[in-house]
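Okay, so here's the structure we're looking at.
The values are calculated or read from the model by the stated rules, or taken from the named source; none is laboratory data. None of these values were measured; they are calculated from a predicted model. No Cβ is skipped: glycine too gets one built from the backbone with ideal geometry, and neighbour counts run over all protein chains shown. Heads up: the accessible areas ignore ligands, DNA and RNA and are worked out on the full protein's heavy atoms, side chains in. Shrake-Rupley method; radii C 1.70, N 1.55, O 1.52, S 1.80 Å.
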Amino acid sequence: QVQLVESGGGLVQAGGSLRLSCVASGRSFSINAMDWYRQGPGKQRELVATITRRGSTNYADSVKGRFTISSDNAKNTAYLQMNSLKPEDTAVYYCNADIWTLTRGRSTDYWGQGTQVTVSS
């Protein structure tokens, strides 16, 4: 079984920065890609950023130029550096990963429990 654990959320003023981390743990697995999603109050969950194992990245238009996704494959960890935060970035941020596991012999989506980010105006 693989688990994803996020950290780094909190309360920040508009214009500030936060760095989220997502660590995958378990046995006999390989990560294909990691994503960050968010769900704001009364909103649907949306994809924020993606990074593949090879380092290719993609971003939602709303965060381009402000957020940066990165990863450390040796540590099975993805990061989301969030700069110039706005009140509309307030949401629960979830880590998602496409992971191949030996026990299943195939790739499956895994989710973290989420971390709250609140941006005050």
Index of the failed condition, Asp109 passing every other in (1) of a type in the set (D, E, K, R); (2) free of Cβ contacts under 8 Å to residues at least 24 places away in the same chain; (3) closer than 15 Å to Gly9 by Cβ: (3)
From the options Ser28, Ser7, residue that is modelled with pLDDT under 95, among the hydroxyl-bearing types (Ser, Thr, Tyr) and open to solvent by 20 Å² or more (accessible area, probe 1.4 Å): Ser28
Leading residue by the ranking (farthest from Val117 (Cα to Cα)) among those in region 43-68 that are open to solvent by 90 Å² or more (accessible area, probe 1.4 Å) and in a loop (DSSP other than H, G, I, E, B): Arg54
Close pairs from region 53-71: first of a type in the set (Phe, Trp, Tyr), partner assigned to a loop (DSSP other than H, G, I, E, B), Cβ under 8 Å, at least 6 apart: Phe67/Asn83
Whichever residue in region 69-106 is of a type in the set (A, V, I, L, M) and open to solvent by 40 Å² or more (accessible area, probe 1.4 Å) and, among such residues, is farthest from Gly15 (Cα to Cα): Leu102
Residues satisfying the stated conditions in region 2-47, i.e. on the phi > 0 side of the Ramachandran plot and free of Cβ contacts under 8 Å to residues at least 60 places away in the same chain: Gly42
